[in-house]
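The values are calculated or read from the model by the stated rules, or taken from the named source; none is laboratory data. Just so it is clear, the model here is predicted, and its values are computed rather than measured. All Cβ positions, glycine included, derive from the backbone under ideal geometry; neighbour counts span all protein chains shown. Quick note on the areas: whole protein, heavy atoms, side chains included, nothing else; ligands and nucleic acids left out. Shrake-Rupley method; radii C 1.70, N 1.55, O 1.52, S 1.80 Å.
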Amino acid sequence: MWGWFIALVVGGGAISSVKIIQQGNEALVERLGSYDRKLSHGLSFVVPGLDRIAFQETIREKVLDIPPQPCITRDNVSITVDAVVYWKIVDMEKAYYKVQNLNAAVVNLVLTQIRAEMGQIELDETFTARSQINEILLRDLDVATDPWGVKVTRVELRDIIPSNAVQESMELQMSAERRKRASILTSEGERESAVNSARGKAEAQILDAEARQKSVILAAEAERQGIVLKAQAERQQQVLKAQATAEAIQIVTQALKTDPRAAEAGKVLLALGYLDMGTIVGKSDSSKVMFMDPRSIPATLQGMLSMTEDGNGKG
């Protein structure tokens, strides 16, 4: 009877001395109320009645959800901020013996750091510098939780929500800013349009002036060429007349040598040539006025004929 009792007691003690720690966990063993050792994952043995598992917790990374909390920015704007924190235990002994209720301590520390950080920046910076705020919170929390054997690996601010009054004010400000930008864009467009119009008019005037200048130059050149061509034509005409006169004189001279009666015809031609010369002089732009009495024309012709006869006689 006693043998069975002793066997049961020994068997029960042996079973209670066996402890199995799950993968990713660690356990702290106390002996007679004092810390004795740390158990890692796997099979371990303790002394029944002397040893006990005081604390067992995972060493894997955990997620801590921070509920929305009211904060006041540096410019006295009320906002609501929530966050998520990633952390893990790196020293199981410190996490159990240095702080009581580790989770609550980490939550309160995160809330305190968020309020402190939000109070150092203005509202506009909370939207534009979120990554910098996350880095500052991560650094400060990592330093603050180090005595507890905790490592903070990441901090992310999720939502930053201003109060309703601030949101309405921001919406009005954004609407005014949009209207301002629209007015600026409209005025810039009108200014560019006016500048382009003025530039187009100036270029058109320049092109018109250049065209008129070219037209005047071409007209002057055409007039000059016309004058030159007219002078050349008159010169050629005079040359041809001179050649014709020379040929006519040569023909008359030849006729005078062969026909004695040709002298009378020559006198008549000479008188007619004199009359033609007067007509030409009268038509010329630079001509002088010649006064001749019609009654003296026969005497003049007679004198010219006598001069011709004298010339022929001397010859």
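Worth pointing out:
- In this simple spin-label model, placing a label point 7 Å from the Cα along the Cα-to-Cβ direction at both GLU135 and ALA54 gives a separation of 4.1 nm.
- Integer Hz, Karplus 6.51/-1.76/1.60 couplings in order for segment 154-164, x for Gly and Pro: 7, 10, 10, 7, 8, 10, 10, 10, x, 5, 4
- With all protein chains in place and ligands, DNA and RNA left out, the 1.4 Å accessible area ranks THR186, THR258 as THR258, THR186, largest first.
- For ILE59, distant residues with modelled amide H under 5 Å away: ASN25, GLU26
- Measuring r between the beta carbons of LYS98 and THR128 and using R0 = 35 Å, the FRET efficiency lands at 0.40.
- Computed from phi, the 3J(HN,Hα) profile of segment 173-190 under the Karplus parametrisation 6.51, -1.76, 1.60 (θ = phi - 60°) reads 5, 5, 5, 5, 5, 5, 5, 4, 5, 5, 5, 5, 5, 5, 5, 5, x, 5 Hz, with x in place of Gly and Pro.
- Residues whose placed amide H lies under 5 Å from that of LEU39, excluding near-sequence neighbours: ALA27, LEU28, VAL29
- Potential extension, ASN196-SER183 segment - 0.36 nm per residue separation minus Cα distance: 2.7 nm
- The distance between label points at GLU247 and GLU223 comes to 3.8 nm (points 7 Å beyond Cα on the Cα→Cβ vector).
- List ASP82, ASP208, ASP140, ordered by accessible area with a 1.4 Å probe, largest first: ASP208, ASP140, ASP82
- Point-to-point label distance, VAL216-GLU168, nm (Cα→Cβ direction, 7 Å offset): 7.3 nm
- Taking amide H positions as modeled 1.01 Å from N, with prolines and chain starts lacking one, the residues under 5 Å from SER163 and 5 or more places away or on another chain are SER78.
- Potential lengthening between GLN23 and THR153 on full extension [0.36 nm per residue; Cα-Cα distance subtracted]: 44.7 nm
- When +1 charges are put on Lys and Arg Cβ atoms and -1 charges on Asp and Glu Cβ atoms, the dipole computed for segment 59-142 relative to its Cα centre reaches about 360 debye.
- Evaluating 6.51 cos²θ - 1.76 cosθ + 1.60 at θ = phi - 60° for every residue in segment 56-62, the Karplus couplings come out as 9, 8, 6, 9, 6, 6, 10 Hz, glycine and proline recorded as x.
- Here ILE206 and GLN237 are evaluated by their C-beta separation; at R0 = 45 Å the FRET efficiency comes out at 0.45.
- Cα-centre dipole for segment 170-210 with unit charges at Cβ (Lys and Arg positive, Asp and Glu negative), debye to 20: 280 debye
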